[in-house]
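Enquirer: I'd like to ask some things about the structure below.
The values are calculated or read from the model by the stated rules, or taken from the named source; none is laboratory data. All values reported here derive from a predicted model rather than from experimental measurement. Cβ: placed from backbone, ideal geometry, glycine included. Neighbour counts: every protein chain shown. Side chains are part of the model used for accessible areas, which takes the heavy atoms of the whole protein and leaves out ligands, DNA and RNA. Shrake-Rupley method; radii C 1.70, N 1.55, O 1.52, S 1.80 Å.
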Amino acid sequence: MTDRTLPSEAPRILRCGATALLVELGSLEAVIALRLHLDASPIDGVVEMVSAFRTLLVRYDSVVVTEQRLRELLSQTVPVAESVGKPSADIVEIPVIYDGEDLESVATSTGLGVAGVIREHTGQVWTSAFCGFSPGFSYLVAPSRRLEVARRTNSRTLVPAGSVGLAAGFSGVYPRSSPGGWQLIGRTEVSMWSLNRLPPALAPAGTLVRFVDAGQ
Amino acid sequence: MPELRVLRVGLFASIQDRGRFGYSDMGLGSAGYADRGSAALANRMVGNPAGAAVVEVALGGFEIEATGAVILAVTGAMCDVTISGPDGRYSRGSAVLEVISLNASQRLQLGAPSRGLRNYIAVRGGIAVQPVLGSRSWDTLAKLGPEPLTAGAVLPVGTDAVSWPIVDAVAPPLTDDAPPRLDILRGPRDDWFTADSLDLLVGQDYVVTPDSDRVGMRLDAAVPLRRSIEEEPPSEGVETGSLQVPREGFPVLFLADHPVTGGYPVIAVLSPASVDRAAQLRPGDLVRFGLVGG
């Protein structure tokens with residue numbers, strides 16, 4: 001073990017029926033590290049993986065690999081958490097008009113002021129940690145924790161498509177209008193999901209994203 | 001090549017195949033046949049590969065007309081199957097689980113099922129509509145795929161058959177009137193519930209509520225399941241067949257169109273064969289769960 005290995009104990013591996021195992025890790029960084037490792041060194045019989053906040057769901061074909069054998073292989077995988085996200089060349093830019101309904105309250109609760117919130121949001125590179133909730137909805141993370149705000153206590157019944165929000169250390173853009181509980185700080189015309197391009201998602205897991213202030 | 005023209009749709013009908021895989025990183029689920037066993041059987045009966053595109057019909061009331069000679073099979077729920085001539089005049093009766101030959105201008109009608117929910121209609125050669133992101137499945141949650149069927153839709157028949165039918169009919173499964181038993185494997189989050197919860201889950205009848213569709217089935221029972229942990233878990237990937245339990249304590253069973261991640265703890269997951277059985281349950285049906293897998 002080098003001095004850059006994860007400090008935690010072996011991850012819990014939980015059974016999800018006859019078709020998947022859920023690997024529970026201590027942090028999002030650990031999930032991303034494990035996922036990158038398994039992408040680079042695939043286990044025969046693993047058919048799909050779903051990353052999330054603290055877990056990696058590993059779906060498998062029991063004809064190719066048994067649950068027992070897959071547990072062993074996953075337990076033996078101790079990837080090094082180097083950084084969040086792949087060293088990718090392309091950064092997707094998302095222009096944002098910063099006029100969200102919750103911008104003022106986020107400015108106050110973070111102590112940054114409106115200009116400070118915009119500076120934090122646009123001043124760092126975000127990484128798509130995983131998608132979920134709806135097609136094209138990427139959970140974006142960034143190195144700084146200064147924009148970490150709680151979800152709204154009351155969800156909105158309708159958040160318009162293109163709304164840019166913050167919650168629980170993540171930023172995200174709503175691909176279509178839906179109910180939602182994130183703090184809305186702005187909006188974008190860019191579509192997070194479109195069948196007119198391949199891949200249809202703008203920021204699948206692993207994509208680097210930068211927000212740009214589109215002005216008033 | 002012949003086509004199938006849709007003359008009538010009852011409650012709902014869509015095209016489904018094995019599903020759309022590899023897009024969970026974009027938040028897109030797999031969709032596909034709700035009752036995979038019945039769909040695969042229909043395909044095998046007509047000589048298709050098991051994963052070919054078929055029509056999935058909910059609660060019958062469906063009618064198509066062939067524009068050329070075709071071979072079909074209907075599986076799934078028990079319903080009347082009737083064949084008519086071009087003028088709609090009754091020609092002959094058929095049945096679920098029979099291999100059916102239609103000539104040009106003949107029509108096939110499915111009545112409302114007396115038991116079960118979904119029928120699968122396979123045509124030899126497959127249904128050759130344009131795939132979307134690699135699959136011909138309609139995803140009712142993402143609203144993606146070949147459009148759901150309406151009267152007037154024209155379905156091209158493909159050339160994907162791998163063999164010819166080798167039987168005329170398949171024996172129907174034995175059934176009785178007892179609530180079907182659905183096999184479940186405990187976890188991943190059974191430890192989020194009180195110690196008696198698994199006993200409760202297998203010890204009472206659950207009823208299928210009308211709040212049920214291809215995304216999931218809401219179940220009701222006499223006694224709710226109680227959490228041993230107060231806060232909500234962070235969202236995580238979920239499997240088809242998961243019994244996800246919201247605050248109120250009554251499970252939602254995730255079916256083919258379930259979202260990629262879920263925010264409530266999953267107490268147990270159905271075996272794949274039990275998922276297929278569950279996909280045939282109608283509102284008002286009772287079920288019992290049985291623990292397997294140790």
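Enquirer: Filter region A:175-189 down to the residues that are assigned to a loop (DSSP other than H, G, I, E, B), modelled with pLDDT under 95 and away from every other protein chain (no Cβ under 12 Å), then identify the one that is surrounded by the most Cβ atoms within 10 Å (Cβ to Cβ).
Expert: Of the residues in region A:175-189, the ones assigned to a loop (DSSP other than H, G, I, E, B) are A:175-177, A:181-182, A:188-189.
Of the ones still in play, those that are also modelled with pLDDT under 95 are A:175-177, A:181-182.
From what's left, away from every other protein chain (no Cβ under 12 Å): A:177, A:182.
Numbers: A:SER177: 12, A:TRP182: 24.
Ranking the candidates gives A:TRP182 first.
Enquirer: If I ask for residues that are more than 14 Å from every other protein chain (Cβ to nearest Cβ), touching a residue at least 12 places away in the same chain (Cβ under 8 Å) and of a type in the set (Gly, Ala, Ser), which ones from region B:183-234 would you list?
Expert: Passing the criteria: B:ALA195, B:SER197, B:SER212, B:GLY216, B:ALA221, B:ALA222, B:SER228.
Enquirer: For region B:110-138: of the residues being in contact with a strand residue (DSSP E or B) (Cβ under 6 Å, 6 or more places away or on another chain) and of a type in the set (S, T, N, Q), which is most open to solvent (accessible area, probe 1.4 Å)?
Expert: Filtering first and then ranking leaves B:SER114.
Enquirer: May I pose another question? Which one of these is within 12 Å of B:VAL57 (Cα to Cα) and of a type outside the set (Phe, Trp, Tyr): B:PRO146, B:PRO113, B:PRO156, B:PRO131?
Expert: Working: B:PRO146 fails: within 12 Å of B:VAL57 (Cα to Cα); B:PRO156 fails: within 12 Å of B:VAL57 (Cα to Cα); B:PRO131 fails: within 12 Å of B:VAL57 (Cα to Cα).
Matching residue, one of B:PRO146, B:PRO113, B:PRO156, B:PRO131: B:PRO113.
Enquirer: Next up: Is it true that B:LEU155 is more than 14 Å from chain A (Cβ to nearest Cβ), touching a residue at least 12 places away in the same chain (Cβ under 8 Å) and open to solvent by 10 Å² or more (accessible area, probe 1.4 Å)? Walk me through how you get there before you give the answer.
Expert: Values: more than 14 Å from chain A (Cβ to nearest Cβ): yes; touching a residue at least 12 places away in the same chain (Cβ under 8 Å): yes; open to solvent by 10 Å² or more (accessible area, probe 1.4 Å): no.
Taking the combined requirement at face value, the residue does not satisfy it.
Enquirer: Could you please tell me which pairs satisfy a Cβ distance under 6 Å, a separation of 6+ or placement on different chains, a first residue in region B:109-126 that is touching a residue at least 40 places away in the same chain (Cβ under 8 Å) and closer than 19 Å to B:ALA69 by Cα, and a second residue that is open to solvent by 10 Å² or more (accessible area, probe 1.4 Å) and of a type in the set (Phe, Trp, Tyr)?
Expert: No pair meets every condition.
Enquirer: Please determine, by comparing only the residues of region B:122-159 that are among the charged types (D, E, K, R), modelled with pLDDT of 95 or more and in a loop (DSSP other than H, G, I, E, B), which one is nearest to B:PRO2 (Cα to Cα).
Expert: Looking only at region B:122-159, we keep the residues that are among the charged types (D, E, K, R), and these are B:124, B:136, B:139, B:143, B:147.
With the extra rule that they be modelled with pLDDT of 95 or more, the set shrinks to B:124, B:136, B:139, B:147.
Next, only the ones that are in a loop (DSSP other than H, G, I, E, B) stay: B:124, B:136, B:147.
Details: B:ARG124: 11, B:ARG136: 19, B:GLU147: 20 Å.
Per the criteria, the residue is B:ARG124.
Enquirer: Go through region B:206-284 and tell me which strands (runs of 3 or more DSSP E), entirely inside it, have 2 or more residues that are surrounded by fewer than 16 Cβ atoms within 10 Å (Cβ to Cβ).
Expert: Qualifying strands (runs of 3 or more DSSP E): B:206-212.
Enquirer: Please work out which residue is farthest from B:ASP257 (Cα to Cα), limiting yourself to region B:7-18 and to residues that are open to solvent by 10 Å² or more (accessible area, probe 1.4 Å) and touching a residue at least 60 places away in the same chain (Cβ under 8 Å). Give the steps one after another, and end with the answer.
Expert: Narrowing region B:7-18 to residues open to solvent by 10 Å² or more (accessible area, probe 1.4 Å): B:7-12, B:17-18.
Filter again for touching a residue at least 60 places away in the same chain (Cβ under 8 Å), leaving B:7-10, B:12, B:17-18.
Working: B:LEU7: 26, B:ARG8: 24, B:VAL9: 21, B:GLY10: 20, B:PHE12: 15, B:ASP17: 13, B:ARG18: 12 Å.
The selected residue is B:LEU7.
Enquirer: Return the total of residues in region A:93-143 being open to solvent by 30 Å² or more (accessible area, probe 1.4 Å) and aromatic (Phe, Trp, Tyr).
Expert: 1
Enquirer: Would you say B:SER24 is open to solvent by less than 40 Å² (accessible area, probe 1.4 Å), modelled with pLDDT of 95 or more and hydroxyl-bearing (Ser, Thr, Tyr)? First the steps, then the outcome.
Expert: Working: open to solvent by less than 40 Å² (accessible area, probe 1.4 Å): yes; modelled with pLDDT of 95 or more: no; hydroxyl-bearing (Ser, Thr, Tyr): yes.
Spelling it out, it is not the case that B:SER24 is open to solvent by less than 40 Å² (accessible area, probe 1.4 Å), modelled with pLDDT of 95 or more and hydroxyl-bearing (Ser, Thr, Tyr).
Enquirer: Can I ask one more? Scan region A:1-39 for residues that are polar (S, T, N, Q) and either at pLDDT 95 or above or buried (at least 19 other Cβ atoms within 10 Å of the Cβ) (or both) and jot them down. I'd like the intermediate steps shown before the answer.
Expert: The initial filter retains those residues of region A:1-39 that are polar (S, T, N, Q), namely A:2, A:5, A:8, A:19, A:27.
Answer for region A:1-39, where residues must be polar (S, T, N, Q) and either at pLDDT 95 or above or buried (at least 19 other Cβ atoms within 10 Å of the Cβ) (or both): just A:THR19.
Enquirer: Which of (1) over 20 Å from the mean Cα position of the chain (by Cα); (2) in a strand (DSSP E or B) is the odd one out, the single condition B:PRO86 does not satisfy?
Expert: The failed condition is (2).
Enquirer: Still on this model: Condition (residue is at pLDDT 95 or above, surrounded by fewer than 17 Cβ atoms within 10 Å (Cβ to Cβ) and hydroxyl-bearing (Ser, Thr, Tyr)) applied to region B:101-109: is it met by at least one residue?
Expert: Residues of region B:101-109 at pLDDT 95 or above: B:101-109.
Going one step further and asking which of them are surrounded by fewer than 17 Cβ atoms within 10 Å (Cβ to Cβ), we end up with B:101, B:103-105.
After this cut, where a residue has to be hydroxyl-bearing (Ser, Thr, Tyr) as well, the list is B:101, B:105.
Looking for residues that are at pLDDT 95 or above, surrounded by fewer than 17 Cβ atoms within 10 Å (Cβ to Cβ) and hydroxyl-bearing (Ser, Thr, Tyr), one finds at least one in region B:101-109, hence yes.
Enquirer: Only one of these conditions is not met by B:PRO180: (1) buried (at least 17 other Cβ atoms within 10 Å of the Cβ); (2) in contact with a helix residue (DSSP H, G or I) (Cβ under 7 Å, 6 or more places away or on another chain); (3) more than 14 Å from chain A (Cβ to nearest Cβ). Which number is it?
Expert: Evaluating B:PRO180 over (1) buried (at least 17 other Cβ atoms within 10 Å of the Cβ); (2) in contact with a helix residue (DSSP H, G or I) (Cβ under 7 Å, 6 or more places away or on another chain); (3) more than 14 Å from chain A (Cβ to nearest Cβ) leaves (1) as the failure.
Enquirer: Take the residues in region A:111-157 that are basic (Lys, Arg) and outside any strand (DSSP E or B), then tell me which one is farthest from the other protein chains (Cβ to nearest Cβ). Outline the logic, then answer.
Expert: Start the filter on region A:111-157 by keeping residues that are basic (Lys, Arg), which leaves A:119, A:145-146, A:151-152, A:156.
Within this subset, residues satisfying the condition of being outside any strand (DSSP E or B) are A:119, A:145-146, A:151-152.
Values: A:ARG119: 29, A:ARG145: 17, A:ARG146: 21, A:ARG151: 11, A:ARG152: 15 Å.
Residue satisfying both the conditions and the ranking: A:ARG119.
Enquirer: Let me ask something additional. Within region B:4-38, how many residues are part of a strand (DSSP E or B) and either at the interface with another protein chain (Cβ under 8 Å from one of its Cβ atoms) or in contact with a Gly (Cβ under 7 Å, 6 or more places away or on another chain) (or both)? Working first, answer last.
Expert: Initially, region B:4-38 is screened for residues part of a strand (DSSP E or B), giving B:4-8, B:12-16.
Within this subset, residues satisfying the condition of being either at the interface with another protein chain (Cβ under 8 Å from one of its Cβ atoms) or in contact with a Gly (Cβ under 7 Å, 6 or more places away or on another chain) (or both) are B:6, B:8, B:16.
The number of residues fulfilling the criteria is 3.
Enquirer: Can you tell me which of (1) open to solvent by 70 Å² or more (accessible area, probe 1.4 Å); (2) modelled with pLDDT of 95 or more; (3) more than 14 Å from chain B (Cβ to nearest Cβ); (4) assigned to a loop (DSSP other than H, G, I, E, B) is the one A:PRO87 doesn't meet?
Expert: (2)
Enquirer: Looking at region A:200-216, which of its residues are farther than 20 Å from B:THR261 by Cα and surrounded by 12 or more Cβ atoms within 10 Å (Cβ to Cβ)? Walk me through it before giving the result.
Expert: Of all residues in region A:200-216, those farther than 20 Å from B:THR261 by Cα come to A:208-216.
Selection gives A:LEU208, A:VAL209, A:ARG210, A:PHE211, A:VAL212, A:ASP213, A:ALA214.
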